[in-house]
C-alpha cells in the first residue's frame, strides 16, 4: 500500500472499534478485519455490530478473507447485519485477490465519490 498509512487499533475501553485506521490523502477509513470459516461464516461480537450500525454513515468497512487467505471481500459497514447472517455469501462491494494494493486502490476510488470538501472549509471549523 503505497498511498496510505495503516494504524493498528487496540482498545479495551471502547469495545467493537475496528482493527485498523487507514489514512489516505483524502481522509481516514476504519477497517474491521475478519477471516471466514470454511463455510463462509463471519463472527462479529455484539459490540462490533453495534459500532458498525452506529457509524454506518462514515467510511467504515469490513474486509473479510476467505478461510484459505487467498481472496478478500470488502463490504461497507452499513451491511453488518447482512454479513452477520450470511457471511461471505453476501455479494461484496469489492472482491479479489488478498493484497493491500487492491484494497488501497478501491478505497481511493471510493473516497473520490464520498469525500468532497472545499479547501476554504479547512480551518473554518
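The values are calculated or read from the model by the stated rules, or taken from the named source; none is laboratory data. Keep in mind the model is a prediction, meaning the values are calculated, not measured. Here the Cβ is made from the backbone with ideal geometry for all residues, glycine too, and neighbour counts use every protein chain on show.
Within region 87-112, the residues that satisfy the criterion of being buried (at least 17 other Cβ atoms within 10 Å of the Cβ), at pLDDT 85 or above and part of a helix (DSSP H, G or I) are 87, 88.
Restricting attention to region 25-35, the residues being crowded, with 20+ Cβ neighbours inside 10 Å and either over 21 Å from residue 91 (Cα atoms) or in contact with a helix residue (DSSP H, G or I) (Cβ under 7 Å, 6 or more places away or on another chain) (or both) number 2. When restricted to residues that are more than 12 Å from residue 16 (Cα to Cα) and buried (at least 16 other Cβ atoms within 10 Å of the Cβ), region 42-57 contains 1.
Take the residues of region 1-45 that are in a loop (DSSP other than H, G, I, E, B) and in contact (Cβ under 8 Å) with a residue 60 or more places away in the chain: which is nearest to residue 101 (Cα to Cα)?
So, considering only residues that are in a loop (DSSP other than H, G, I, E, B) and in contact (Cβ under 8 Å) with a residue 60 or more places away in the chain, the one nearest to residue 101 (Cα to Cα) is 1.
Within region 74-86, is even one residue surrounded by 15 or more Cβ atoms within 10 Å (Cβ to Cβ), at pLDDT below 85, touching a strand residue (DSSP E or B) at 6+ places or on another chain (Cβ under 8 Å) and within 26 Å of residue 46 (Cα to Cα)? No, region 74-86 contains no residue that is surrounded by 15 or more Cβ atoms within 10 Å (Cβ to Cβ), at pLDDT below 85, touching a strand residue (DSSP E or B) at 6+ places or on another chain (Cβ under 8 Å) and within 26 Å of residue 46 (Cα to Cα).
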